[in-house]
Every structure is written in C-alpha cells, then in structure tokens.
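Asker: The structure under discussion is supplied below as structure tokens; questions concerning it will follow.
No value in this document is a laboratory result; all are computed from the given coordinates. Values in this document were obtained by computation on a predicted structure and should not be read as measured data. Here the Cβ is made from the backbone with ideal geometry for all residues, glycine too, and neighbour counts use every protein chain on show.
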Amino acid sequence: KNQVEQSPQSLIILEGKNCTLQCNYTVSPFSNLRWYKQDTGRGPVSLTIMTFSENTKSNGRYTATLDADTKQSSLHITASQLSDSASYICVVSGADGTSGTYKYIFGTGTRLKVLA
Amino acid sequence: DAGVTQSPTHLIKTRGQQVTLRCSPKSGHDTVSWYQQALGQGPQFIFQYYEEEERQRGNFPDRFSGHQFPNYSSELNVNALLLGDSALYLCASSSGLAGGLDEQFFGPGTRLTVL
C-alpha cells in the first residue's frame, strides 16, 4: 500500500533554534518527493522537490534530504522564525502503471509552532 | 499572474444539499486536481482533470463529481452533503510535465461547513 508517514505529528521550538522533520514512504514506483509549507486555512506552498537521483535540496533556511534506498526524507529548518509556524507536508509522487499518469500521496503533516 | 484562484472562500450548507466549488488554474496550466483536507489531516486526492476529462480518481464516492471547461477552469460538485464532507477543498493546477515533475500550485481553498 502506498503510504507517506511523517513525524513528529507536532513540534514546538523556540525562535532561532533548528529543527528536523521526518518523512518515510512506501510509494512505488517513485518519481519525486516534495515538501510543502501550509499556513492554517491556506493552500500548501512548495518548498523543495527532489527526484530519485538527488539527495539534498535547499531553499533558503530549508534543506531537504532524500535517501531513496531507505525511503526516508527529512526537512531541516535552520534559525527558525515565528513565520515558520505552519504545517509541513511531505508528498511523494509515483507513476500510476494503469493510467500512465502520476499520483500524489500526501503525508498528514507536521505542525510546527515557533515561540518567541 | 493571479495564480490559482478558488471561489467561494467559505460556504455553509445543510445536510442533503448540493454544492459547487470553482477553480481557475494558474496561467499556462492545463491540469487541475481537487483535494479534500479535513481539519488536522493531509489533503486527500479526489480527482484530476485534463483536456476536459477526468483522468484519475481517488477513493471518493460518486457524490463527488467534476467538470473542466475549455479554458481549463474546473468545478467540483458534491451532492447529498454529509456532515463528514465539512473540510477545506483545495484545487491545484499543473502543466503536466513529463515524469511527474510538474509542480502543483495550490489555491487558497474553499472552507465548506455542513450543518
């Protein structure tokens, strides 16, 4: 069964601290993995996208890593800011063998709260 | 470029009613996907439209239907509303690049409350 699991479910950190969010997946075949940031009540916004051959991708203070062998990814946030408070969603894309299209499997997200 | 737009932003309906949600994709995008996101959960894929046809469908009942127009905008219709249909409905558009590498751009969502 294609699944994406994220941990922790929620996280509280102090402003200026670093944190790492985890994503484990069982989606097969695998095409790419994306991390999204979603503010409450808003649509998700893309942070990074990585294909099978990439093991790290950065976007400002956000750095994503991918280990395709162990099917694990992490999102590291450096020097956190109050505006980083949001849900972070891991999405894995894989080819749908029957239709020739691509399916997107979403994790349930990690809710991050940054305190002053 | 206005990006992906959705209307309305909020909607309140009662059980048994029908609802239509609308989405305009980002300029240059021809593929529209719809997602349901319950409070505290990740988005769940409903279906995807391309060239005015439903190309993929998630595990949702037939009460959920959609349409895509020649200008690539799309509608999501839900009949016989249930309390459990209360959620944030997200529309995402993409350009259908090969290899599934097309980035999905999400709209702000429509918050549906069923009473």
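Asker: Please compute the average number of Cβ atoms from other chains found within 10 Å of each residue's Cβ in peptide B:104-110. Kindly include the intermediate steps, with their values, before the conclusion.
Answerer: Details: counts 8, 4, 7, 2, 4, 5, 0.
Counting other chains' Cβ atoms within 10 Å and averaging over B:104-110 gives 4.
Asker: Residue by residue through A:76-83, how many Cβ atoms from other chains fall within 10 Å of the Cβ on average?
Answerer: Details: counts 0, 0, 0, 0, 0, 0, 0, 0.
Going residue by residue through A:76-83 and averaging, the value is 0.
Asker: What is the gain in length, in nm to one decimal, between A:Thr70 and A:Val45 on full extension, counting 0.36 nm per residue of separation less the C-alpha to C-alpha distance?
Answerer: On the way: separation 25, 0.36 × 25 = 9.00 nm, distance 2.61 nm.
Length gained, A:Thr70 through A:Val45: 6.4 nm.
Asker: Between A:Asn2 and A:Asn18, 0.36 nm times their residue separation minus their Cα-Cα distance comes to what?
Answerer: 2.7 nm is the gain from fully extending A:Asn2 to A:Asn18.
Asker: At A:Arg61 and B:Phe60, where each label point lies 7 Å from the Cα along Cα→Cβ, what is the point-to-point distance in nanometres?
Answerer: 3.5 nm
Asker: Let me ask another. Counting partner chain Cβ atoms within 10 Å of every residue's Cβ in B:79-90, what's the average?
Answerer: Details: counts 0, 0, 0, 0, 0, 0, 0, 0, 0, 5, 0, 4.
Taking all residues of B:79-90 together, the mean is 1.
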